[in-house]
Structures are given as C-alpha cells and as structure tokens.
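The values are calculated or read from the model by the stated rules, or taken from the named source; none is laboratory data. The structure displayed is predicted, hence computed values, not measured ones. Every residue, glycine as well, gets a Cβ built from its backbone with ideal geometry; the counts of neighbours run over all protein chains shown. Accessible surface areas use protein heavy atoms only, side chains included; no ligands, DNA or RNA. Shrake-Rupley method; radii C 1.70, N 1.55, O 1.52, S 1.80 Å.
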Amino acid sequence: MADRIPLIVDSSSNQVKELPAGDSIILADSEKIKLGTGSDLNIFHDGSNSFINNTSSNAGALSLKSHDINIMSSASETMASFVEDGAVNLYFNNAKKFETESSGAIVTGFLSCTTGARINQVALTSASSVSWDALAAANAYLLLGHNVTFAAPSNALEGAIISVEIAQPGSGGPYTVAWNTIFEFAASTAPTMTATASKTDIFSFRYNGSIWQEIGRVQNLAQT
C-alpha cells in the first residue's frame, strides 16, 4: 500500500528504533497491534469503533498504571479522573457528580436507588458519657449497662440525620438516659427513657448547624 511508512529498525536487535520525523504507524481498519506471546492484547479500529481487547482466557488483568489518569471526551471535556493517593471523580457533561474522599464519597445532585438504601447499624459503648460519631455511626444502637449521658456528637455536618436505638437490658437495669444540651427536644424537654426490662426506645435527630433537633421518637418497643 502506498501509504505505508517504512520503519527504521535496529539491525542488532531487530527492534523498531524510531519512525522518521513526523511519520506514524498506519494500520487499516481491523488490522491489529498484537502484544504478548499468545497475542493476548489487541489494539485496533474496526471502521466504526476502537478497541483494546485483553480477552483471551490466560490474558490476566488489564492494568493502567500512572500517577494520575484522566478520561476525556472528543470535545476535551472531562469524563472521569483518577488521582494518585486521592479522589476518583466521575462527571456528567463536564460537571463533577461523584467524588471519593478519605471518609467515603460525595454525590452532587440527586441519588436514585432502584431497590433500596441501607445505613449499617453501629453499636455505641455504654459508659457514663456516651461518645457518638455522627459520621461513622449515623444509625446507632446502644445496649444500656450504665446510667448514661449522651455527649455532643462528633463530626456534625449541617443537614445530617442520625438515629439511635436505646435498649434496656433483660436484667440489671433499668438505667437512665440524659442528653447534652446540644440535643433539642419538643418543648425543650428531654424525654424520659422507658424503664422496662427488654424494651427499646428509638430517637432521630437532624443537625441544623448548631443543634441536633429531634425529628422522631418511638418508645416502649419490644425487643425481638
């Protein structure tokens, strides 16, 4: 073919040494660059789409290794970026919608689940002063073993919602529950904990940037 460009080859090693300045390796549609002893990795264009195929049974994984990786559209818009020791970012129409961070991930916009969503329940430790990490234990559970006071939750973020199930033990109680003043209840009156053995109370709160406002309460539930 007239458009094929001769390569300059190192005669001592029979390896491609360089291309003439300004020239390219030109392959027709569906002609492939094949790599590996068994031609496991193929790179080609079929006339409509481009492919990097690593699909043979013994090809192993396809790994991309770089300090940072950016995936761009043909219009030079960012579609995804991967930062070494940092965030994975996903974009819609050049606008970032998903970002990982050290404590989890941030979604910008609406998040839709087709089946459901779950926040894992995390047990708190019964002590005279109960520590509660609002970020790590948004759905909390506490089996009472002391008369306790809930301390101000750490990692409070404006708009966050947290809840706690508080259970009286089957024996050894009942125990009392008090609350730090950062918790706000209806009529500014803290609830009285159900004092019956093997009963549970559940409380939910929303952080408005300065206080945790109670938004839900169910008491005297049987433990199952």
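Scanning region 201-215 for residues that are within 27 Å of the chain's Cα centre (by Cα), over 15 Å from ALA186 (Cβ atoms) and part of a strand (DSSP E or B) yields one hit, TYR207. Screening PRO191 against (1) open to solvent by 30 Å² or more (accessible area, probe 1.4 Å); (2) more than 21 Å from GLN121 (Cα to Cα) leaves a single unmet condition, (1). Considered as a group, the residues in region 123-164 that are under 22 Å from LEU221 (Cα atoms) and open to solvent by 50 Å² or more (accessible area, probe 1.4 Å) include one that is modelled with the lowest pLDDT, and that residue is HIS146. Taking interchain pairs and intrachain pairs at least six residues apart, which have beta carbon atoms under 8 angstrom, with the first residue in region 91-114 and closer than 12 Å to MET79 by Cα and the second among the acidic types (Asp, Glu)? Pairs found: TYR91/GLU77; ASN93/GLU77; ASN94/GLU77. Return yes when ILE202 is touching a residue at least 40 places away in the same chain (Cβ under 8 Å), surrounded by 11 or more Cβ atoms within 10 Å (Cβ to Cβ) and over 28 Å from PHE82 (Cα atoms) and no when it is not. Taking the combined requirement at face value, the residue does not satisfy it. Listed conditions (1) open to solvent by less than 70 Å² (accessible area, probe 1.4 Å); (2) over 27 Å from ILE106 (Cβ atoms) are all met by ARG217, apart from (1). Residues of region 28-45 that are of a type outside the set (Phe, Trp, Tyr), surrounded by 11 or more Cβ atoms within 10 Å (Cβ to Cβ) and closer than 21 Å to SER74 by Cβ: ILE43, HIS45.
Residues that are under 32 Å from the mean Cα position of the chain (by Cα), at least 1 per element: which strands (runs of 3 or more DSSP E) completely within region 18-93 meet that?
Numbers: elements: 33-35, 41-45, 50-53, 68-72, 78-83, 88-92.
So the answer is 41-45, 50-53, 68-72, 78-83, 88-92.
The residues of region 49-82 that are over 25 Å from LEU35 (Cα atoms), open to solvent by less than 70 Å² (accessible area, probe 1.4 Å), touching a strand residue (DSSP E or B) at 6+ places or on another chain (Cβ under 7 Å) and not small (Gly, Ala, Ser) amount to a single one, THR78. For region 85-101, the condition of being surrounded by fewer than 14 Cβ atoms within 10 Å (Cβ to Cβ) and closer than 21 Å to ALA156 by Cα holds for at least one residue.
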